[in-house]
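First the structure, in the form of structure tokens, and then the observations on it.
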Amino acid sequence: MKRFFKKLFSLIIFVAVIFLIWYFFHGWLERQVLKAKGMYYIYKGDVAYSQDNMAKTLDYYKRGLRLFPAHYEAWYNLGNIYAVYEDYYSAVDAYLNAIKHHPKFVMARMNLGIVYSEDLGFFDEAIEQFDTITDINPFKLWIPFVYSNVKSIRANKGIAFFNKGVAYKQKAMYLPLEKKYLAYQYLGDAIEAYTSAMKFLRKNYDVYYNRAVAHHLRGESRLAGLDYCKAIQIQPSKFEAHYNLAVLLRSMKRYRDSISELEKAAILINESPSSSDLQTAYIFNLLNEVSRTFINSDEYGVEKLTDKPTGSISYTYVNGRIVADDDFDKAMEKNFKTCAGFETFNNLDEEEENEEF
């Protein structure tokens, strides 16, 4: 009998322990089961995405997130898919959910800011996201010869400053008529953001080009010209910098240098798969117009008396002799990197700029 009561007591204790575990931890256990199911569906979504089956991808992600809504990476992937298919408000909702569960998720904030700025025109909201990114100080891990995230952290901060500059520039461009007086200020904010980006993205064409455009729009010809020249030096095959520099030089009545840059832009835009016939025709029409102006100007008479290289892409010799193919390619590359009007901008101080322009 004593043995029976002993076994009964042990059974009661066991049942009581099970009951207490269930009472206090059944919610946690249930969440773990749901989390496991959610992870399974999200995994299936990843597989469907790798197979380019977007219908199944969306279905699996949604089912997985209903069971495990804290999976911030799945929200991020979902936001990217919505953004690609131009469902921008759904993309915003997905990115916000990713940030809700991981406030320091830099890439979710970055993409959210880009959608806000470039697709929805919510410039202030975009700038807020980019500012948050630059304030985040993630853990830096550096293991020699094995792993380092230092460069990626710096790059992300640079990209955030760059995107902030883009948002300010767009904000300046889309001002209503009654607030156009604010454009100069917002362009200045854009320039400040681009300058901050340069501390992290040292030799980046887009940063210099966009800062040049902001200076150009503010009427700061000297600073715009120097930045266009730096962009051209970094990436001489981009026609936009050559073209904008040509427009700037034309406004300064530096017709000969403007023609040189327009010729380069004309060749480069013909080779660009993304260019349109309308863009090409416009550049050639502008080239003809500037050429006619140059021929009828006093500058033409002065230039004809010199043998100073213009940087024109029509030259087929270097230093007075025909060159071999490899040398010619190098000469052409060097020629495209040569910025017409650089000496003009370099020697023009701010007082002279204000007087002339």
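Quick check on segment 44-64: of everything there that is open to solvent by 60 Å² or more (accessible area, probe 1.4 Å) and under 17 Å from Ala98 (Cα atoms), which residue is farthest from the chain's Cα centre (by Cα)?
Ranking the candidates gives Arg63 first.
Quick check on segment 154-174. Is at least one of its residues under 23 Å from Ser258 (Cβ atoms), among the aliphatic types (A, V, I, L, M) and either assigned to a helix (DSSP H, G or I) or free of Cβ contacts under 8 Å to residues at least 24 places away in the same chain (or both)?
No, segment 154-174 contains no residue that is under 23 Å from Ser258 (Cβ atoms), among the aliphatic types (A, V, I, L, M) and either assigned to a helix (DSSP H, G or I) or free of Cβ contacts under 8 Å to residues at least 24 places away in the same chain (or both).
Table: residues versus (1) crowded, with 22+ Cβ neighbours inside 10 Å; (2) touching a Leu at 6+ places or on another chain (Cβ under 8 Å); (3) in a loop (DSSP other than H, G, I, E, B).
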{"position": "Arg66", "(1), (2), (3)": "no, no, no"}
{"position": "Gly79", "(1), (2), (3)": "yes, yes, no"}
{"position": "Tyr82", "(1), (2), (3)": "no, no, no"}
{"position": "Ala94", "(1), (2), (3)": "yes, yes, no"}
{"position": "Lys104", "(1), (2), (3)": "no, no, yes"}
{"position": "Gly113", "(1), (2), (3)": "yes, no, no"}
{"position": "Thr132", "(1), (2), (3)": "no, no, no"}
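Within the set of pairs 6+ apart or on separate chains, which have a first residue in segment 60-81 that is at negative phi, a second that is assigned to a loop (DSSP other than H, G, I, E, B), and C-beta atoms under 7 Å apart?
Gly64/His71; Leu65/His71; Tyr72/His102; Tyr72/Phe105; Tyr76/Phe105
Among the residues in segment 193-203, are any in contact with a Phe, Trp or Tyr (Cβ under 6 Å, 6 or more places away or on another chain), modelled with pLDDT under 95 and either of a type in the set (Ser, Thr, Tyr) or in a loop (DSSP other than H, G, I, E, B) (or both)?
No, that holds for no residue.
Considering only residues that are in a helix (DSSP H, G or I) and either among the polar types (S, T, N, Q) or at positive phi (or both), which ones fall in segment 115-129?
Listed by number, the residues that qualify are Ser117, Gln129.
Report yes if some residue within segment 245-259 is of a type in the set (A, V, I, L, M, F, W, C) and closer than 26 Å to Asp119 by Cα; otherwise report no.
Looking through segment 245-259, none of the residues is of a type in the set (A, V, I, L, M, F, W, C) and closer than 26 Å to Asp119 by Cα.
Tell me which residues, restricted to segment 222-252, are open to solvent by 70 Å² or more (accessible area, probe 1.4 Å) and in a helix (DSSP H, G or I).
If the condition is that a residue be open to solvent by 70 Å² or more (accessible area, probe 1.4 Å) and in a helix (DSSP H, G or I), then Gln233, Arg250, Ser251 are the ones that fit.
If a residue must be more than 21 Å from the chain's Cα centre (by Cα) and of a type in the set (Lys, Arg), how many such residues does segment 87-108 contain?
Of the residues in that region, 1 qualify.
The values are calculated or read from the model by the stated rules, or taken from the named source; none is laboratory data. Small disclaimer: the values here were computed from a predicted structure and weren't measured. Positions of Cβ are generated from backbone atoms using ideal geometry, with glycine treated the same way; all protein chains shown enter the neighbour counts. With ligands, DNA and RNA removed, areas are computed over all heavy atoms of the protein, side chains included. Shrake-Rupley method; radii C 1.70, N 1.55, O 1.52, S 1.80 Å.
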